[in-house]
Amino acid sequence: MAITVSESQVNMLNTGLLKFLTQPIMGVALLTAVNVAAPSASLAQGQLVPQTIQPGTPNTQPIIPSTQQASPTVPIDTNYSLGGGDLIRVNVFEVPEYTGEYQIPPGGSINLPLIGSVPVLGLTTEQAADEIAKRYARFLKRPLISVNLLSPRPINILVAGEVTRPGAYTLSLQGGAGNNPGVQYPTVLAALTTAQGVTLAADVTQVQLKRKIGRTSEQVVTLNLKDLIQTGNIDQDITLRDGDTIVVPTATNFNVAEARNLFAANFAASSTTPRTVAIIGEVNRPGSYLVGPGGGGGQDGATTTGGLPTVMRALQLAGGITSQADVRNLKLRRPTRTGSEQNIDIDLWRLLQSGDIDQDIIVQDGDTIIIPTATEVNPAEATQLASTTLSPATIQVGVVGEVKRPGAVEIKPNSSLNQALLAAGGFNDARARTTTVDLVRLNPNGSVTKREVKVNFSQGINEETNPILRNNDVVIVNRSGLASVGDSVGTVVNPLGGLLGVFRALFGLF
């Protein structure tokens, strides 16, 4: 049976449906029902429909990637909080006699006409305006209040952790403020530069910025300054506010390549400032040294690695390595701000053989470089090391006794006993004992050793007959047996001859 509906009835139906949809609860219920009934429409537009999956129930629906990025870490609050030293203007609209400029005292409360003291410490300008409006509401019908910052206070911050000079700093603002929109607040990088840069022990991927929010809460944001270096992401260089604290943590793992990149950053410690480094072990002059940039030249004109204050530069200042040095197993001990130490292994042999520049670590103040003693010296490697800038240009040994030119002799590092004897002119054949010599050595611990060495010029470098000499060694060439007997006879005869000469002079005898 057909049902006839008049035009007026249709209008009434539409009006009723419109009223039904405008009711909050009914409208939401109906729209929800429509969405559930036709999910394909939402999916067709690239939108995800929320679904509830019970634990243990397999999700058979395909996962559709969202076009939105995952929400990043909550950004730090950039609102300006009022504090002691700020100059503000409080505008009370339509009541000009209540309008005025106020310097916020250290306590954070300003004294306003009619309502008296109002605390604004830690509030934004909007929050301060609301607080003042509430108090004026007792006297004014509809108080319209605005608060403007005319001149901000100096920014006091604290920089802690792996920086050259941790502590509290006052940073100045650039440009004007308030009605001068050209004001620029200092940033995290400016603060690190003021603290003379981060140390080489720093983990710049986990720098923390702590900021007080209001009067009681605090917000902490982690910054990745490595990302800033590599990609130029300036979002990591946050503008500072008064009371901020920057903490630079210590790196748990040391990466030599990243340390070299960090050293080149403008927020790292100055590359031109000399740093005190202790050098112990197998070097010719152990001790403490001020290591600065090489300026392109090292010891005796040798070229340094880019003029940087590196391990190689430090070893050159210490007179170079000895012939007993184990260049594969150097240790660098680096103190950190936490009181612990970073222990870094260095293989300078890799630097010499394959050009691994990362092994030539940049040093910093307080580092200790340890050069261990090799358990076994390879003559071929020793000769090769002698020609590098790790070794001094020459060493000095003493060759005394029955040689043609006794005295101090300068020879190349890692030269052998035979080479020293030849540099002194060789044996005095008429008087020298050519089978053995005495080798006297001053040890690093202050003791002196003396041993007899059999001489054999036909032998190559070896510890028994032709050992490698060290700086300040002394080689003693003794007299032969025949020369010793002759010298003894001469000692007996000479006094008698002198006595006869006296008699001749006095009495004219003989």
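Some points to look at:
- Taking the stretch 369-397 and a reference point 7 angstrom along Cα→Cβ of N329, the backbone N atoms nearer than 14 Å belong to 370-378.
- Highest average packing first - 353-365, 468-480, Cβ atoms within 10 Å: 468-480, 353-365
- Sorted peptide list for 413-422, 432-441, criterion being average Cβ within 10 angstrom, highest first: 413-422, 432-441
- Each label was represented as a point 7 Å from its Cα along the Cα-to-Cβ direction; for A264 and N148 these points are 4.8 nm apart.
- For the stretch 87-151, a simple Cβ point-charge model (Lys and Arg +1, Asp and Glu -1, everything else neutral) yields a dipole of about 220 debye relative to the Cα centre.
- Ranked list, fewest to most other Cβ atoms within 10 Å of each Cβ, for S270, S81, S109: S270, S109, S81
- A simple spin-label model places the labels of R138 and T216 2.3 nm from each other, with each point 7 Å out along Cα-to-Cβ.
- Over the stretch 116-267: Rg over Rh, Cα atoms, Kirkwood Rh: 1.10
- Value of relative contact order over the stretch 263-422, rounded to a whole percent, pairs C-alpha under 8 Å and six or more apart: 22
- Alpha-carbon centroid distance for the pair the stretch 196-255 / the stretch 375-442, whole angstrom: 57
- Bridging of K210 to lysines at a Cα separation below 24 Å is possible for K226, once same-chain residues fewer than 8 apart are set aside.
- Mean projected area in nm² (Cα convex hull; one quarter of hull surface) for the stretch 281-386: 6.9
- Straight-distance crosslink candidates among lysines, where the alpha carbon sits under 21 Å from K404 and sequence neighbours closer than 8 are dropped: K412, K454
- Calculated FRET efficiency, Y80 to N343, Cβ-Cβ distance, R0 = 41 Å: about 0.35 to the nearest 0.05.
- Intensity falloff of the stretch 87-151 expressed as log10 I(q)/I(0), Debye formula with alpha-carbon point scatterers, at q = 0.13, 0.25, 0.26 Å⁻¹: -0.29, -1.16, -1.26
- The order of the peptides 89-98, 393-402 by mean Cβ neighbours within 10 Å, most packed first, is 393-402, 89-98.
Values in this text are rule-based calculations from the coordinates and carry no lab data. The model shown is predicted, which means the values in this text are computed figures rather than measured ones. Cβ coordinates were reconstructed from backbone atoms using ideal geometry, including for glycine residues, and neighbour counts include every protein chain displayed.
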